[in-house]
Amino acid sequence: MPFGVQGTADAHPSSVKISYSIDGGATWKKAPVAAGAVQIDNPRAGGSVSLRAEIKDGYGNKAVQTITDAYPTR
């Protein structure tokens, strides 16, 4: 799944961590990040995937964004 970064972190990224949850955010698994994309193991049909992005820029600023039930699985 591709992803993008905007704002000052785009110009000066320090770290990007993407996690996903298949149980509504009760537990999180780290998704491997490579070349602007992540690998997510989707659950069986009828479930959903929640996403969490944690980013730091070169200035020490941090942001965390969580989207519960970001997309359903088929």
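The values are calculated or read from the model by the stated rules, or taken from the named source; none is laboratory data. Computed from a predicted structure; not experimentally measured. Using ideal geometry, Cβ is built from the backbone for each residue, glycine included, and neighbour counts are taken over all protein chains shown. These area figures cover heavy atoms from the full protein model, side chains too; ligands, DNA and RNA do not enter into them. Shrake-Rupley method; radii C 1.70, N 1.55, O 1.52, S 1.80 Å.
As a fraction of the 1.4 Å probe accessible area of segment 23-74, surface on carbon and sulfur atoms comes out at 49 percent. Modelled label positions at THR27 and ILE67, each set 7 Å beyond Cα in the direction of Cβ, lie 2.4 nm from each other. Ligands, DNA and RNA are left out, and with a 1.4 angstrom probe the accessible area of segment 28-72 is 69 Å² per residue. Computed with every protein chain present, the accessible area of ILE22 is close to 80 Å² [probe 1.4 Å]. Taking only the Cα atoms of the chain, the radius of gyration and Dmax are 13.0, 42 Å.
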